[in-house]
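Asker: Can you keep this structure in mind? I'll have questions shortly.
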Amino acid sequence: MTYRLITYLLLAGFSQSVFAVGLSFSETQHLLTRTGFTPSFFEVTAIQGQKKTDAVQAILDSAQHPDGLQADGAFTEITKPLGRSATQSERDMYRQMQRESVLAMQQWWLGQMLTTQTPFAEQLTLFWHNHFVSSIQKVKYPALMYQQNQLYRSQALGNYRQLVHDMAKSPAMILYLDNQTNKKGQPNENFARELFELFTLGEGHYTESDVKAAARAFTGWQLDRNSGAFSFNKRQHDSGLKTLFGQTGNFDGEAVIDLIFTEKPEQVAVHLVSKWWLYFISTEPDVDEVNRLAQIFINADFELRPLMEALLLSPHFWSSNQPLLVKSPVDLVVGTQRIFGLNITDKGLLRQMGGPLEQQLFSPPNVKGWPGGNAWISSTTLLARAQLMGQTTRAIAGMAGASQQPMDSLYSSILAHPLAEWRGLLLPHGGIVAEVDAGTQPFLASDYPNAISALIEDPLYQLK
């Protein structure tokens, strides 16, 4: 898998007997695809043969020590808003600078996913981005979206209660859900409602009175637009008594979040486990298993790592009877490029992802995020996906034509693998490709582009 993961496994000193009874090629491909992106042969062989428990532990370790945490670009700096005296020319220049910063930020994250040695950290960051949704379209400040992205990456497998606390003070979230206008005597309920419905409890586990009380508790939670930091405005905070979940007190925002976890732990646990199930296992949750995992989460005091470990070691995660998941556009684009070393992060690809493929980084469609699952496939996106795969096969063919020193090239290393191995790498559960030679002979150079094209243009390649 990653260099860090390889080092971990080598230092563990596993015996040959463990390799003999450990992960198969297909199981390894499944684990790495679900916890990252479609892996390379190098990544698969690095952990193939290991015990499931050891491989999962190493992947979890990698996610808690992500690489590339810092970026160097204009989008990392807070740009102070223009004053009222700004000219039209200055306003036009400011908007252009903001657009360029957004594009640079999108290119940075896509590049991070393409090159990272800790892909599970990026996959988790993408999950949290779609769980605690904010969008640059409303937030406007790229630096605030970047800060939030870093928060989700650094705490991807930390404590969920603490993550909710930190998210609630995230300047990007404050702007996105209008808590900047949530003031004493004029409460704005947007953040309080989504805190309950989307972030922690789910529908049906709170009342309108709870929303109104929570909104009052979060009054005064704002940000300083000059520094971009969280700011508590005491004068705008409603310090009166509030009743929430049957409890009455002088609750502030911090107390509301704590009440959610102490008064409704089962609902919090089931809500997150259900979302993780849909993201990592299948579109058909098993109620009994969800409840079992939820209890593990509660017993761990809402630490995310024990929950993820239990989920990845659940028999349901490994069952070939589970419905396959549709790859998101990010999964499809990043996984394909990582395998073939295409490393394309240009503006055209970003426009394609945000347009016909319908997944623009830092810009989910609404507060509920991208629906995911089968919703990734429509008459529009299916055509766009087919066109993307066609572009990929042409790029591979071009790589083959440009190869002047086959023995020293990436192209040569790709040619070394027989079709059966490629099918096992690219398609879930080894694939179902009719009338395809599954022999053990490597490709001939002249056959390679067509053979690879047939696999990545197979509809099964869109699944994981």
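Asker: Determine the gain in length on full extension of the stretch Thr87-Ser24; use 0.36 nm per residue of separation and subtract their C-alpha separation, reporting nm with one decimal.
Answerer: Computed gain between Thr87 and Ser24 is 16.2 nm.
Asker: Each residue of segment 320-335 in turn: what ³J(HN,Hα) in whole Hz from Karplus with 6.51, -1.76, 1.60 and θ = phi - 60°, glycine and Pro shown as x?
Answerer: Each residue's phi maps through the Karplus curve to give 6, 7, 5, x, 6, 9, 7, 5, 5, x, 5, 4, 5, 5, 5, x Hz.
Asker: Sticking with this one: Calculate the translational D of segment 171-291 in whole µm² s⁻¹ from Stokes-Einstein, where the hydrodynamic radius comes from the Kirkwood formula applied to all Cα pairs, the temperature is 25 °C and the viscosity 0.890 mPa s.
Answerer: Stokes-Einstein gives a translational diffusion coefficient of 160 µm²/s.
Asker: What is the P(r) of segment 259-355, as percent of Cα-Cα pairs per 5 Å bin from 0?
Answerer: Calculated P(r), rounded to whole percents: 2, 12, 19, 16, 12, 12, 12, 9, 5, 1, 0.
Asker: Please pull out the direction-averaged projected area of segment 18-93, using the convex hull of its alpha-carbon atoms, in nm² to one decimal place.
Answerer: Seen from a random direction, the Cα hull of segment 18-93 projects 8.3 nm² on average.
Asker: Still on this structure, please answer the following. Calculate, in nm to one decimal, what Ala255 and Ser378 gain on full extension: separation in residues at 0.36 nm each, minus their alpha carbon distance.
Answerer: 40.0 nm
Asker: Run the quick spin-label model on Trp318 and Ser274: label points 7 Å from Cα toward the beta carbon, then report their separation in nm to one decimal.
Answerer: Result for the modelled spin labels: 2.8 nm.
Asker: Next question, about the same structure. Using a cut-off of under 11 Å, list every residue of segment 347-385 whose amide N is near the label point 7 Å from the Cα of Ala74 along the Cα-to-beta-carbon line.
Answerer: No residue passes the distance filter.
Asker: Amide H neighbours of Asn159 under 5 Å, counting only residues 5+ apart in sequence or on other chains, H built in-plane at 1.01 Å?
Answerer: It is Leu304, by chain and number.
Asker: Before rounding to the nearest 500, sum -39500 (n - 2.57) across all DSSP H runs of length at least 4 in the chain and divide by the residue total; then give [θ] at 222 nm in deg cm²/dmol.
Answerer: Calculated at 222 nm, the ellipticity per residue is -16500 deg cm²/dmol.
Asker: Got a sec to turn the phi values of segment 247-256 into Karplus ³J(HN,Hα) couplings, 6.51 cos²θ - 1.76 cosθ + 1.60 with θ = phi - 60°, whole Hz, x for Gly and Pro?
Answerer: Karplus values, whole Hz, x for Gly and Pro: 9, 10, x, 8, 7, 9, x, 4, 5, 4.
Asker: Could you derive backbone 3J(HN,Hα) for segment 170-184 from the dihedral phi with the Karplus parameters 6.51, -1.76 and 1.60 (θ = phi - 60°), listing whole Hz in sequence and x where the residue is Gly or Pro?
Answerer: These are the phi-based 3J(HN,Hα) values: 5, x, 4, 5, 4, 6, 5, 9, 6, 6, 4, 9, 8, 10, 3 Hz.
Asker: Using modelled backbone amide H atoms (1.01 Å from N, in-plane), which distant-in-sequence or interchain residues come within less than 5 Å of Lys242's amide H?
Answerer: HN-HN under 5 Å from Lys242: Gly249, Asn250, Phe251.
Asker: Lysines within cross-link reach of Lys183: Cα-Cα under 16 Å, excluding same-chain residues under 8 positions apart?
Answerer: Leaving aside lysines fewer than 8 places away in the same chain, those within reach of Lys183 are Lys169, Lys212, Lys234, Lys242.
Asker: Further question: Kirkwood hydrodynamic radius, the chain, all distinct C-alpha pairs: what's the number in Å? Walk me through the numbers on the way to the answer.
Answerer: Numbers: mean 1/r = 0.0418 Å⁻¹.
Roughly 23.9 Å, rounded to one decimal.
Asker: So who's got an amide H within less than 5 Å of the one on Ser282, skipping anything under 5 residues away but keeping other chains? H placed 1.01 Å off N, in plane.
Answerer: Here the answer is none, since no amide H 5 or more places off falls under 5 Å of that of Ser282.
None of the figures in this text is laboratory data; all of them are computed from the coordinates on show. For clarity, every value in this text was computed on a predicted model and none was experimentally measured. Positions of Cβ are backbone-derived with ideal geometry, glycine not excepted, and every protein chain shown enters the neighbour counts.
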